[in-house]
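Scroll down for the structure; my scribbles are underneath it.
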Amino acid sequence: MKTVKAIHLGDDDTCAVLTDFAEEGDRITYHEGGAEKNITAQEHVPIWHKIAIKAMKAGGKVYKYGAVIGIALKDIAAGEYIHTHNVHSPGMGGQT
């Protein structure tokens, strides 16, 4: 198990961007509201990809850097990989 830092800019963000790859069980650290927070990776997440830092319900908006980047296609738990298998991107013809 290792610790991976993640980039998280907005306190309303539901995901963060990893600065290294993570494997299941790795500790992910990020800052929110001036405090360091941690989650556990639930699966492999490639470097520079997104990981959920808050649970999201299907149909909910996914926020990154203070902006809506997609809609959750299914319930997403904190620590899950955020990508095209579980998020529909507005840039791919969707609407927010």
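The values are calculated or read from the model by the stated rules, or taken from the named source; none is laboratory data. Given the structure is predicted, the values throughout are model-derived calculations rather than measurements. Virtual Cβ from ideal backbone geometry, glycine too; neighbours counted across all protein chains shown. Just the protein is used for accessible areas: all its heavy atoms, side chains included, with ligands, DNA and RNA removed. Shrake-Rupley method; radii C 1.70, N 1.55, O 1.52, S 1.80 Å.
If you go through the range 52-64 one residue at a time, do you hit one that is in contact with a helix residue (DSSP H, G or I) (Cβ under 9 Å, 6 or more places away or on another chain) and among the hydrophobic types (A, V, I, L, M, F, W, C)?
Restricting attention to the range 52-64, the residues satisfying the condition of being in contact with a helix residue (DSSP H, G or I) (Cβ under 9 Å, 6 or more places away or on another chain) are none.
The answer is no; no qualifying residue exists.
Considering (1) open to solvent by 50 Å² or more (accessible area, probe 1.4 Å); (2) under 13 Å from the mean Cα position of the chain (by Cα); (3) modelled with pLDDT under 95; (4) β-branched (V, I, T), the lone condition that T96 does not fulfil carries the number (2). Scanning the range 15-48 for residues being β-branched (V, I, T) and touching a residue at least 40 places away in the same chain (Cβ under 8 Å) gives a total of 3. Sub-6 Å Cβ pairs linking a first residue in the range 1-14 that is touching a residue at least 24 places away in the same chain (Cβ under 8 Å) to a second residue that is assigned to a loop (DSSP other than H, G, I, E, B) and open to solvent by less than 20 Å² (accessible area, probe 1.4 Å), at least 6 apart or interchain, are M1/D26; K2/D26; V4/D26, ordered by first then second residue. Candidates are the residues of the range 23-66 that are aliphatic (A, V, I, L, M) and exposed (fewer than 12 other Cβ atoms within 10 Å of the Cβ); the one that is modelled with the lowest pLDDT is A35. Of the residues making up the range 67-90, those that are open to solvent by 50 Å² or more (accessible area, probe 1.4 Å) and among the polar types (S, T, N, Q) number 1.
Could you list, in sequence order, all residues of the range 47-73 that are part of a loop (DSSP other than H, G, I, E, B), within 12 Å of the chain's Cα centre (by Cα) and under 19 Å from I7 (Cβ atoms)? Explain how you work it out, then say what you get.
Step one: filter the range 47-73 for residues part of a loop (DSSP other than H, G, I, E, B), giving 47-49, 53-55, 57-60, 65-66, 73.
Narrowing further to those that are within 12 Å of the chain's Cα centre (by Cα): 48-49, 53-55, 65.
W48, H49, I53, K54, Y65, listed by residue number.
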